[in-house]
Amino acid sequence: MIRKTDPQAIAPYLKDASNFSLGFAEEVVIPETPEELANFLRTNNGPITVAGAGTGLTASRIPDGGKIISLERFKKIGGLENDSITAEPAVSLRDLQDRLKSSAFFYPPNPTETLASIGGTIATNASGSRSFYYGVTRDFVLELEGFLADGRSFRLNRDHKIDRPLELGDGSFIEFPSVDYTSPACKNAAGFYVQPGMSWLDLFVGSDGALGIITRARLKLLPRPDRFLSGVLFFAEKENCWKLVQDLRSDHAGALTPCSLEYFDRRALNRLRIKFRQIPDKVDAALFFEQAVEPGGDYDSLFDRWCENLLDRDPLLEDSWFAENDKDLEKFHGFRHELPVMINEENSRLGRVKVGTDMAAPDERFLEMMKFYDRELEAAGIDYVAFGHIGDNHLHINLLPEANDLSKAKEVCQNLATRILSFGGTVSAEHGIGKLKKEYFLQMIGAEALTDLKLIKKTLDPGWILGRGNIFDP
Ligand SMILES: Cc1cc2nc3c(=O)[nH]c(=O)nc-3n(C[C@H](O)[C@H](O)[C@H](O)COP(=O)(O)OP(=O)(O)OC[C@H]3O[C@@H](n4cnc5c(N)ncnc54)[C@H](O)[C@@H]3O)c2cc1C
């Protein structure tokens, strides 16, 4: 087992993509086997924060004291078994995609950041552009192995429900506590997942490193589509883009079943134009879409259907982009990914803490939500960009305030949160709560529900050892 105590060696583990800079730790512990990890945990009684790849946006892997456990040596990908594969937590999404390239399968969760680790994506229940159609990470985790904070091991599959006790490797048991809280029904990554009759496995998915340490997962795969039909549509008026999204979603019986619907507002496009000069002038919004062409499907007739459907909807068809091959598709994904990268770089360069949202609302509030964002943000007088998973009513609003406008920007975020919660939405649809959104989370679920979640935490981690400072405090 490698142990690092030199501050310079620890420093890289005190960062993630949130630009949060207040972390500190006494040591980084790097086990090489599950046995080493278990032995360490059995003798440890101080706080532990698990490090993934550090692409998270909520500072959840950044400790405020104690030790860091990095599973960076856990990098094995197992063999394909029918339509599933095993992976250790440090395997990156890119490694997994590369491994699957020569197979007939693919792993749909695609949080655009391919350096993210399997462990981190499971701990945050990451989603992404294609989750609109395929679902979120949770939907693709079939089995989980790992350890509780005290070193007891667990091995779970989907049949192991919470109405039976959790069986641990040493033969001991833990009963699921009696709680009233249930997680919201919309796309959600805020707090522990709790639903009646769920599996124990689902409790660990999305638990932000606060309930257990994941050392291996079996992941579900889907047959790889023949190809993806894809385009970036530009609109002269944003309202026409919103209307198209709404119609595409309600056209359940139609042939247009996009797996990604990703939005860019005018300000996002203006920023992207620095790197993508081909973006037409004077556009008000853009929509990146993809639809899988399943094996045996007819690409050309699907393409014709999209064009027919778009004709009377006012995208600037002459100026819009359509992928002609896999390279183009990759470029479109790069285009989508570039925006948060540019914003994160800009924030780092200016030493600006991220003031961004990750909220989602239920379908029926979609247009109301879009109009509300538009009004509220224009009135605030602070620079911002709005982009993201519009198909799931899930936009990322990034406020980009001057230093003296920071508290005003936070106030704006608070107003957005209050309204989205009044719609029955969530304050985190995919990034998790981590250390940066705890107040919003309390506002979302209320004190009583928080007591329920604390009870779950204490049941599995009575010493409050794992992920201290994430989601809520003792
Ligand atoms: C440019 C950019 C775009 C992004 N776009 C998206 C997006 O579209 N959708 C989306 O969902 N996310 C997105 N993200 C966020 C990010 O990629 C995810 O949160 C990712 O899932 C975190 O993985 P990680 O390995 O980097 O984890 P880290 O950031 O290192 O850790 C995240 C959490 O997971 C815990 N953890 C890590 N490994 C384990 C383990 N083995 N056992 C238990 N707990 C563990 C940590 O303790 C921490 O609480 C984006 C990030 C960037 C930088």
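The values are calculated or read from the model by the stated rules, or taken from the named source; none is laboratory data. Quick caveat, the model's predicted, so the values are computed rather than measured. Positions of Cβ are backbone-derived with ideal geometry, glycine not excepted, and every protein chain shown enters the neighbour counts. Remember, those area values only see protein heavy atoms, side chains included, never the ligands or the DNA or RNA. Shrake-Rupley method; radii C 1.70, N 1.55, O 1.52, S 1.80 Å.
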Of the residues Leu156, Leu166, Leu203, Leu148, which is within 12 Å of the ligand (Cβ to nearest atom), closer than 21 Å to Ile465 by Cβ, open to solvent by less than 10 Å² (accessible area, probe 1.4 Å) and not assigned by TED's automatic domain parsing to the domain that holds Gly424? Leu148
Subset of segment 257-270, residues open to solvent by 10 Å² or more (accessible area, probe 1.4 Å) and more than 15 Å from Ser129 (Cβ to Cβ), comes to Asp265, Arg266, Arg267, Asn270
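Rundown of residues vs (1) among the hydrophobic types (A, V, I, L, M, F, W, C); (2) touching a Gly at 6+ places or on another chain (Cβ under 7 Å), yes/no style:
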{"site": "Gly120", "(1), (2)": "no, yes"}
{"site": "Ser127", "(1), (2)": "no, no"}
{"site": "Leu142", "(1), (2)": "yes, no"}
{"site": "Pro177", "(1), (2)": "no, no"}
{"site": "Tyr181", "(1), (2)": "no, no"}
Meets criteria (at pLDDT 95 or above, open to solvent by 50 Å² or more (accessible area, probe 1.4 Å) and either closer than 27 Å to Glu338 by Cα or away from the ligand (no atom under 16 Å from the Cβ) (or both)) for Arg227: no
Gly128 being surrounded by fewer than 16 Cβ atoms within 10 Å (Cβ to Cβ), part of a loop (DSSP other than H, G, I, E, B), in contact (Cβ under 8 Å) with a residue 12 or more places away in the chain and of a type in the set (Gly, Ala, Ser): no
Residues within segment 379-431 that are β-branched (Val, Ile, Thr), within 15 Å of the chain's Cα centre (by Cα) and farther than 26 Å from Asp284 by Cα, tallied: 2
What's the number of the only condition in (1) open to solvent by 10 Å² or more (accessible area, probe 1.4 Å); (2) more than 26 Å from Leu377 (Cα to Cα); (3) not in a loop (DSSP other than H, G, I, E, B) that Pro295 fails to meet? (3)
Restricting segment 383-430 to residues that are surrounded by fewer than 18 Cβ atoms within 10 Å (Cβ to Cβ) and hydrophobic (A, V, I, L, M, F, W, C), the residue that is farthest from Tyr440 (Cα to Cα): Ala403
With the structure loaded, tell me whether Glu324 is modelled with pLDDT of 90 or more, closer than 26 Å to Arg277 by Cβ and assigned to a loop (DSSP other than H, G, I, E, B) or whether it fails that test. yes
Tell me whether segment 240-251 contains one or more residues that are assigned by TED's automatic domain parsing to the domain that holds Leu317 and touching a Cys at 6+ places or on another chain (Cβ under 7 Å). no
Considering each residue of segment 298-317, count those that are modelled with pLDDT under 90 and assigned to a loop (DSSP other than H, G, I, E, B), and give that number. 5
Anything in segment 199-252 that is part of a loop (DSSP other than H, G, I, E, B) and of a type in the set (Asp, Glu)? List them, or say none. Asp208, Asp226, Glu237, Asp251
With Asp202, Asp170 as the choices, which residue is farther than 25 Å from Ser117 by Cβ, modelled with pLDDT of 95 or more and acidic (Asp, Glu)? Asp170
